[in-house]
Amino acid sequence: MSEKVLEIRDLHVTFDTPSGPLEAVRGVDLDVSAGELLGVVGESGSGKSVSFLAAMGLLPARARVTGSVSLAGEQLIGASAKQMRSIRGRLLSMIFQDPLSALNPVHRIGDQISEMLRSHQDLSGREAEKRAIELLDIVGIPQPGDRARQYPHEFSGGMRQRVVIAIAIANNPKVLIADEPTTALDVTVQAQILEVIERVQERFGTAVVLITHDLGVIARVADRVNVMYAGRNVEQGTIESLFDHPSHPYTRGLLASLPRPGKQRLKPITGFPPNMLNPPSGCAFHTRCEFAADICKGEMPALVGFGDLQTACVRARDLPKNEIFL
Amino acid sequence: MSDELLKVTNLVKNFELRVNNGARRKKRIVQAVTNVSFSVEKGQTLGLVGESGSGKTTVGRCILRLIEPTSGSVEFEGHDLGSLKFEEMRALRRKMQIVFQDPFASLDPKMTIGASISEPMVVQGVPGDHSDKVIELLELVGLSADHAQRFPHEFSGGQRQRIGVARALALNPALIVLDEPVSALDVSIQAGVVNLFEDLQSRLGMSYIFIAHDLSVVQHIADRVAVMYLGKIVEIGDQEAVYATPTHPYTKALLSAVPLPDPKTERARNRIMLEGDVPSPVNPPSGCRFRTRCWKAQDVCGQEEPMLTVRPSGQMSACHFPES
Ligand SMILES: Nc1ncnc2c1ncn2[C@@H]1O[C@H](COP(=O)(O)OP(=O)(O)OP(=O)(O)O)[C@@H](O)[C@H]1O
Ligand SMILES: Nc1ncnc2c1ncn2[C@@H]1O[C@H](COP(=O)(O)OP(=O)(O)OP(=O)(O)O)[C@@H](O)[C@H]1O
Ligand code: SF4
Ligand code: SF4
Ligand SMILES: [Mg+2]
Ligand SMILES: [Mg+2]
């Protein structure tokens, strides 16, 4: 195992809402190793974004965050706003689904990259500008010199996402968190952006956390996967093990529900995602799990190792062997 | 041709766009749909795929006459919809329904589910009390009778989409246009809604036009597939033929870009990377509209528009240098 750059331990995030406290993240443990591409999947509302927004210190003040997030040895939970500003963009960057909201409409593209560079590095204007153009080239923007002088509205959606990546990697962070970076893009453009992310990761050794609901995207680019359900990390492992022999019933259900070539009937996961204002006791998946037993309603299962996989299911050892899907 | 339910011929829809360009106001024409022709048989599903802005929704809206086509004809059960009088159109209109992508926006938050489902019957002047029909419809889509008294906010995305489907079924349509009906849903929930569409079709025999970005879902549900690019159909044919042996370069690139949930195939695949983005429909490229991104483009592609031509594997595609 290579060096861990990001270690999340027992992370909890609670929002005060008009209907009462909502615990969106309920004890997440997760590691990101140097240079790896970690995929994070899970259904809508499972706490993917909130977990990493908490790590970035980007949640609203009314969110209560506890636990530990350490980045290359530095503790981020409880860090001052000033410390977080110095860390964001330098050690840890995050990009989002909608690239437009991340760009300033009235500033030239090149200036926005230069600004990010100069906020963390001692560079002259000329040096920063030169580096900005290099970065545009790295993320695959043709004629980067001319493009640097343009404004965001002159760029297409795919081009804007490239710019956002250029800004995020400008100071060569240790970890890049990409939250659904291709969801709003067409598939042919999505393929381009995934390639850019892989290229950046290889070239700079950046660790990447890719949050997505698309298991195909995970299968294409990830080294390891974390599966989230109801604010918990329910399974994690290498992509080979997770796709070949998923152990957690939710992961199994997720993979089985995907349409595959051929006309066999699809297998949905029964029931509905839990209401996080009042999540089911014990293993939150018990309301939908075909293997649920009384024991599942007791304590929240912790991650337990099975070879290349860690699974949070009290019955993991008793479950029937998983059928091979492909 | 007694099995043909819908026949669309040379459908064109241009939108006028007014742009403020300093002091001068200019008019621009968005060529959203250009010369689109296809037919849908009874009990069959036509998948309509293509990237954002390719004109899929506009085709669906023209068929239902939610917008007036610029030109071309739409025949439904042998009647040319363009030449019908208002009352005749109203009678046919009930046989065609549409279900939209967003299960949250498509229901009135202040109306009970029962009222939402019976609304089309009220609007169409179907006589009598509709409560039995509402219960029947709710059960048909996998919900229960007591849901009728509840309001949309009490339902999850998948449930709301089922309610939208129940509403569309109220008037026993022969054709339902499903515009991205599962895109907003989690994968594990999508599967149940897709199964519902299949079950309803085998029980009630209606036809679907299934519009989607997700090519794997379309492969699963469609009998025939039409691939659109910048307002035109570039390839159309049986689902098996189009997916197994795509003949238009765009179809081939699109299929190769779809991420498959299998690491081994994904990593072994030879992917075609298209460069750039889709050009603007205000000024589409001359000749073949795909030529600015096509790796096979030659001079002729800019000069002559390729026509849809039957290929050896049975489908039709519009390309001067088709893949074989
Ligand atoms: N600012 C907030 N205030 C209150 N609740 C919030 C806030 N942000 C998120 N939540 C809640 O926290 C839970 C987790 O949300 P999160 O955005 O992390 O989900 P996600 O897994 O990223 O889902 P998606 O796939 O839809 O992006 C949800 O129940 C959400 O409603
Ligand atoms: N009312 C309108 N006025 C002007 N232009 C329009 C209008 N409706 C659609 N268009 C344009 O027509 C083109 C086709 O749009 P349409 O919504 O049919 O695409 P689509 O294939 O359904 O895309 P998506 O996958 O994003 O839903 C686009 O360029 C769009 O901007
Ligand atoms: S702990 Fe029980 S309910 Fe949860 S996944 Fe395992 S078997 Fe299913
Ligand atoms: S006609 Fe020419 S440009 Fe168009 S798809 Fe075929 S080869 Fe490519
Ligand atoms: Mg999210
Ligand atoms: Mg559309």
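Observations
- So B:Q219, is it under 20 Å from B:S52 (Cβ atoms), at the interface with chain A (Cβ under 9 Å from one of its Cβ atoms) and modelled with pLDDT of 95 or more: yes
- Listed by position, the helices (runs of 4 or more DSSP H) inside the stretch A:170-267 whose residues that are within 16 Å of ligand 1 (Cβ to nearest atom) and within 15 Å of the chain's Cα centre (by Cα) number at least 1 are A:215-221.
- Residue selected from the stretch B:69-95 under the condition among the basic types (K, R) and surrounded by fewer than 15 Cβ atoms within 10 Å (Cβ to Cβ), by the criterion nearest to B:A168 (Cα to Cα): B:R90
- Selection from the stretch B:3-42 of residues that are in contact with an Asp or Glu (Cβ under 8 Å, 6 or more places away or on another chain) and either within 16 Å of ligand 5 (Cβ to nearest atom) or not in a strand (DSSP E or B) (or both): B:D3, B:K42
- Of all residue pairs spaced 6 or more apart or on separate chains, those with beta-carbon atoms under 6 Å, a first member in the stretch B:93-122 that is within 18 Å of B:L196 (Cα to Cα) and a second member that is aliphatic (A, V, I, L, M) and within 16 Å of ligand 5 (Cβ to nearest atom) are B:Q101/B:A184; B:D102/B:A184.
- Inside the stretch B:67-77, residues that are assigned to a loop (DSSP other than H, G, I, E, B) and touching a residue at least 12 places away in the same chain (Cβ under 8 Å) make up a count of 4.
- Here B:G164 meets the list (1) within 16 Å of B:I98 (Cα to Cα); (2) within 14 Å of chain A (Cβ to nearest Cβ); (3) not β-branched (V, I, T) almost entirely, failing just condition (2).
- Considering the stretch B:307-321, the residues that are in a strand (DSSP E or B) and either hydroxyl-bearing (S, T, Y) or free of Cβ contacts under 8 Å to residues at least 12 places away in the same chain (or both) include one that is nearest to ligand 1 (Cβ to nearest atom), namely B:S317.
- Selection count where residues are in contact (Cβ under 8 Å) with a residue 40 or more places away in the chain and assigned to a helix (DSSP H, G or I), scope the stretch B:49-66: 7
- The numbered conditions (1) part of a helix (DSSP H, G or I); (2) under 23 Å from A:A178 (Cα atoms); (3) hydrophobic (A, V, I, L, M, F, W, C) are all true for A:A128 except (2).
- All helices (runs of 4 or more DSSP H) inside the stretch B:236-306 with 3 or more residues being within 9 Å of another protein chain (Cβ to nearest Cβ) and in contact (Cβ under 8 Å) with a residue 12 or more places away in the chain: B:249-257
- Residue in the stretch A:18-27 that is more than 16 Å from ligand 6 (Cβ to nearest atom), of a type in the set (D, E, K, R) and either within 28 Å of A:E198 (Cβ to Cβ) or not in a strand (DSSP E or B) (or both) present: no
- Any hit, the stretch B:126-141, residues being closer than 21 Å to B:P181 by Cβ, surrounded by fewer than 21 Cβ atoms within 10 Å (Cβ to Cβ) and at pLDDT below 90: yes
- Which listed residue is within 14 Å of chain B (Cβ to nearest Cβ) and more than 16 Å from ligand 6 (Cβ to nearest atom), from A:G145, A:G125, A:G205, A:G158: A:G158
- Among the candidates B:S188, B:S202, the residue that is more than 16 Å from B:R162 (Cβ to Cβ), within 12 Å of chain A (Cβ to nearest Cβ) and among the polar types (S, T, N, Q) is uniquely B:S202.
- Flag if A:T238 is within 16 Å of ligand 5 (Cβ to nearest atom) and surrounded by fewer than 18 Cβ atoms within 10 Å (Cβ to Cβ): no
- Test: A:S68 is over 18 Å from the mean Cα position of the chain (by Cα) and farther than 13 Å from A:I177 by Cβ: no
- In the condition set (1) under 30 Å from B:M228 (Cβ atoms); (2) more than 14 Å from every other protein chain (Cβ to nearest Cβ); (3) touching a Gly at 6+ places or on another chain (Cβ under 9 Å), A:P152 is compliant with all but (3).
- Any hit, the stretch A:80-90, residues being away from chain B (no Cβ under 14 Å), more than 16 Å from ligand 5 (Cβ to nearest atom), more than 20 Å from the chain's Cα centre (by Cα) and in a strand (DSSP E or B): no
- Residue list for the stretch A:266-290, restricted to those being closer than 15 Å to B:S188 by Cβ and either more than 9 Å from chain B (Cβ to nearest Cβ) or surrounded by fewer than 16 Cβ atoms within 10 Å (Cβ to Cβ) (or both): A:T270, A:G271, A:P274, A:A284, A:F285, A:T287, A:C289, A:E290
The values are calculated or read from the model by the stated rules, or taken from the named source; none is laboratory data. Here the structure is a predicted model, which means the values were calculated and not measured. A quick note on method: Cβ atoms are made from the backbone with ideal geometry, for glycine too, and the neighbour counts reach across all protein chains shown.
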